[in-house]
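Before any comments, here is the structure.
Computed from the coordinates by the stated procedures, all read-outs in this text should not be read as laboratory data. In this text, all values refer to a predicted model and were calculated from it rather than measured experimentally. Cβ coordinates were reconstructed from backbone atoms using ideal geometry, including for glycine residues, and neighbour counts include every protein chain displayed.
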Amino acid sequence: MDTKTKKPAKKPAKKTPKQAIARINSLLKGIDNSVLVINKHKTVLNDAVKEARSLMGGLSNLQAAPAKKPEAKKPEAKKPAPAKKPALAKKPVKKTEIKKPAPAKKPVKKTEIKKPAPEKSVPAKPGKPVEGRPSLKEAVKQIIVAGGNPMTAADIWKQATAKWGYWSRQSLYNVLKDEKSFSRAGEKFSMSRSTVDDAEADKFVQQVESNTVVSNVQ
């Protein structure tokens, strides 16, 4: 007999009702998890067995069937080579005609525009005004009546300044603008017939003829 004395096993400590319920719940959860794992493994095993049986059946069918000899390939008939198209005759190359350069055009001579001949210079101030000379308007009337024909403003100015002294050209142009006294046709001026009747014109001519200054106008 064993002389060693066995120690008495420790008795599990008593659990309270709450501790017992908690332990029971824990055990139940563990059991549920174990059942799930076992079911998964069963499914895997079943699938593996089915696949193994299928493969074994296929091998047995292959061994039972006689092996077919490979059919000899028939030689393919060679296709006739396509007939070559006859080469097209080359078109003769056209000779490039060398165009002669066009003759250079002669430069057109510019037509020279001749400048108008300058008018004869007239002294800016022909002379001092003479004593007792008429107004410029009366002087113009006397010159036009004495001339007998329409006159240009330049001719009127020359004769008036030569006999009675200097008047500016602008003063003459201002006088000739009087349409009641003078009429204009182009560049020439004459006495207006709208304000002078024949009797007054004859009387005015007699006065001009008696005036020695105007009668000597060349």
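Once you have the Cα-Cα distance between residue 43 and residue 55, take 0.36 nm times their residue separation minus that, and quote the gain in nm to one decimal.
Gain on extension, residue 43 to residue 55, equals 2.5 nm.
Using a simple spin-label model with pseudo-atoms 7 Å out from Cα toward Cβ, residue 171 and residue 34 lie 15.0 nm apart. Prolate is the label for region 16-62, because a/c, from the alpha-carbon gyration tensor with a ≥ b ≥ c as root eigenvalues, is 1.5 or above and a/b exceeds b/c.
Mind checking which of 48, 61, 28 is farthest towards the positive end of region 16-62's charge dipole, using Cβ charges of +1 (Lys, Arg) and -1 (Asp, Glu) about the Cα centre? Checking the options against the dipole of region 16-62, the answer is 28.
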